[in-house]
Amino acid sequence: MVKGIMGVHHIGISVPDLTAAERFYCDVFGFEEAGRYDINRGPISDKVTGLQDVEAFSSLLKLGNMYIELFQFTSPLPRLQINRPVSDHGYTHIGFQVCESEIDDVFENLQNCGVQWNADLANVDDLPGMRITYGRDPFGNVIEIVCLPKSSELRL
């Protein structure tokens, strides 16, 4: 075990339009802006990212116990990954826990805000009270909403 790790701080998401992504995650999910900054071309940015000529606009947003870091890369130009399957290696999604009494409203409200759901909310047979679905935000990133039963030890 590596000592000193305190927990997950943030998840980074590359988006085509930083302002639109900020509006979506702040207005729809309730994230609050914690900071905005530019990543300028230079040896440190290149070294850290493992890319060349890195340049991006970035924003750090906070909700509850986590941050998301949004990036709009201007260099190198991003490759489109439209409908990248969640089975591909790498980060697959960001999951949001939703309270039981609001899961149906959250599903509908997110759909009205541009989320494309893979399916309606599903009941999980092995865990009575658990409801879950995956979808994509307006930028193609996979999100999950999940309602965990009050008896679940996995609840936040």
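When peptides 130-140, 114-124 are sorted by average Cβ neighbour count within 10 Å, with the highest value leading, the order is 130-140, 114-124. The simple Förster model, with R0 at 35 Å and r as the Cβ-Cβ distance, assigns I82 and L156 a FRET efficiency of 0.65. Net charge dipole, region 42-84: roughly 200 debye, given to the nearest 20, about the Cα centre with Cβ charges of +1 for Lys and Arg and -1 for Asp and Glu.
Comparing D126, D38, D17 in a Gaussian network model of the chain, where Cα atoms under 10 Å apart are tied by springs, the biggest mean-square fluctuation is seen for D126.
Counting helices only, and only those DSSP H runs with n ≥ 4, report the 222 nm mean residue ellipticity of the chain as the sum of -39,500 (n - 2.57) divided by its residues, in deg cm²/dmol to the nearest 500. If you can, show how the numbers build up before the last one.
Values: 3 runs with 23 residues, N = 156.
Helix contribution divided over all residues of the chain: -4000 deg cm²/dmol.
A Cβ-based charge dipole, computed about the Cα centre of the chain with Lys and Arg at +1 and Asp and Glu at -1, lands at about 540 debye.
Return the percentage of antiparallel bridges among DSSP beta bridges fully within the chain, rounded to the nearest 5 %. All intermediate terms of the calculation are to be shown ahead of the outcome.
Details: 26 of 35 bridges.
Percentage antiparallel, nearest 5: 75.
What fraction of the Cα pairs in region 1-122, stated in percent, has a spacing above 21 angstrom? It works out to 52 percent of all Cα pairs.
Just reorder H89, H9 by solvent-accessible area, largest first, 1.4 Å probe, all chains present.
H89, H9
Of N141, N65, N109, the residue with the greatest mean-square motion in the GNM of the chain, using alpha carbon springs below 10 Å, is N65.
The values are calculated or read from the model by the stated rules, or taken from the named source; none is laboratory data. It should be emphasised that the depicted structure is a prediction, and the values quoted were computed from it without experimental measurement. All Cβ positions, glycine included, derive from the backbone under ideal geometry; neighbour counts span all protein chains shown. Calculation scope for accessible area: heavy atoms of the full protein, side chains included, ligands and nucleic acids excluded. Shrake-Rupley method; radii C 1.70, N 1.55, O 1.52, S 1.80 Å.
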